[in-house]
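Notes to accompany the following structure.
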Amino acid sequence: MPDSAPPLMSMNDQRSVLASVRNWLAEGERVWLCTIIETWGSSPRPAGSWLAVSESGRWRGSVSGGCLEEDLLRRASDDEDDSPKVVEYGITDDDRDHFQLPCGGRIRLLVEPLTAERSGAHIDEVCRSLEDRKPLVREVRVDHGNAQASSADAKARNGVEFDGLVVRHTLQPECRLLLIGAGEVARHVADFASAAGFEVTLCEPRDTFADGWNYPHIPLSRRLPDDLVAESYQDPWCGILALAHDPRIDDMGLLAALHSSAFYVGAMGSRKTSDARRERLASLGLEDDRLVRLRAPIGVDIPSKTPAEIAISIVADLIAARHDLRAAQAGL
């Protein structure tokens, strides 16, 4: 049965999978961590995706969207060996028919048995690095199962390398979003972006609007946006979206955001409103090389009218920007 999760959290969210692993180990259970290390042809999940299975039958994550999970759960329940194994699916036509893999698809997995005694400290270290938003490389020796974590360069790409002996899994922080200003657009953006795997927080310092925010699954901060951006939204995996339609609130956050390393800075409004905003920000001393980073009007030009449509256009643009971020880090 799946471990309980916050609403709309991606089931393969790195931190949620590892948090479950850490909790199950602390409870004294054996855990199997399954990592996709290679794919060929059609594959429903990319390399680096995780599935964690506890000996009591709880699971978190996904490596195939459903067609392999049942077999991996069975393998884990029958496995008494403490050494990791490399498992392949889709090698034969029978495999593809039995497991309903996409046509021609093959997946290679590392199935890694974990215990609190052997792996607890290592999993704690990996969890802390991701919580502190520090990229890292996790290395696992397939011959004896020893695992270690080390710091990775900030530009290192997410991904897995396997040389036949060592699996090297590079992990970056999750992309997090700060939405400035409560409202219908912010609500839809929060829901759609969470479903797409972004970590979302709403910033709303205005009491009237904050008091009316009735979506407890999205964290709410009542701090001023520039203070919040300066403290917690400075790294390249952050996005800041000004959705308040109030220059007193939006512009404060944008000034701080455009001085950060955030991969995405956008503001909602018409072209006329956006031009006026750029003039205000320039008058406040914002340099042209920073101002050019502002995405305004925000979102993909669908064109969109309703709050839900506007939110879809924004999240589509965010997903494209996240893809560009990862491609740039990969040197593609």
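The values are calculated or read from the model by the stated rules, or taken from the named source; none is laboratory data. Please read these numbers as outputs of a predicted model, since none were measured by experiment. Heads up, the Cβs are rebuilt from the backbone with ideal geometry, glycines too, and the neighbour counts pull from every protein chain shown.
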Of Thr201, Thr170, the only residue that is part of a strand (DSSP E or B), closer than 29 Å to Asp153 by Cβ and modelled with pLDDT of 95 or more is Thr201
Just checking, does segment 287-296 include any residue being touching a residue at least 40 places away in the same chain (Cβ under 8 Å), in the same structural domain as Leu202 (by TED's automatic domain parsing) and assigned to a helix (DSSP H, G or I)?
no
Tally of residues being surrounded by fewer than 17 Cβ atoms within 10 Å (Cβ to Cβ), modelled with pLDDT of 65 or more and outside any helix (DSSP H, G or I) across segment 1-28:
2
So which residues in segment 303-322 are in contact with a Lys or Arg (Cβ under 8 Å, 6 or more places away or on another chain) and among the acidic types (Asp, Glu), if there are any at all?
Asp317
Of all residues in segment 234-262, how many are of a type in the set (Gly, Ala, Ser) and under 17 Å from Ala190 (Cβ atoms)?
4
Any idea how many residues of segment 238-261 are surrounded by fewer than 23 Cβ atoms within 10 Å (Cβ to Cβ) and assigned to a loop (DSSP other than H, G, I, E, B)?
6
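Mind telling me which of the residues Glu112, Glu139 ends up being outside any loop (DSSP other than H, G, I, E, B), at pLDDT 90 or above and surrounded by fewer than 18 Cβ atoms within 10 Å (Cβ to Cβ)?
Selected residue: Glu139, the only one of Glu112, Glu139 that is outside any loop (DSSP other than H, G, I, E, B), at pLDDT 90 or above and surrounded by fewer than 18 Cβ atoms within 10 Å (Cβ to Cβ).
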Would you check if there is a residue in segment 65-84 being assigned to a strand (DSSP E or B), assigned by TED's automatic domain parsing to the domain that holds Glu29, modelled with pLDDT of 85 or more and touching a strand residue (DSSP E or B) at 6+ places or on another chain (Cβ under 6 Å)?
no
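Out of Arg206, Arg176, Arg222, report the one residue that is modelled with pLDDT under 95 and basic (Lys, Arg).
Answer to the check: Arg176.
Residue by residue, here is whether (1) β-branched (Val, Ile, Thr); (2) surrounded by 14 or more Cβ atoms within 10 Å (Cβ to Cβ); (3) in the same structural domain as Glu309 (by TED's automatic domain parsing); (4) at positive phi holds:
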residue	(1), (2), (3), (4)
Gly145	no, yes, no, yes
Gly183	no, yes, yes, yes
Ala186	no, yes, yes, no
Phe198	no, yes, yes, no
Thr201	yes, yes, yes, no
Pro205	no, yes, yes, no
Ala210	no, yes, yes, no
Conditions first: (1) surrounded by 15 or more Cβ atoms within 10 Å (Cβ to Cβ); (2) over 16 Å from the mean Cα position of the chain (by Cα); (3) over 21 Å from Leu18 (Cβ atoms). Asp191 passes all but one, so which condition is the exception?
(2)
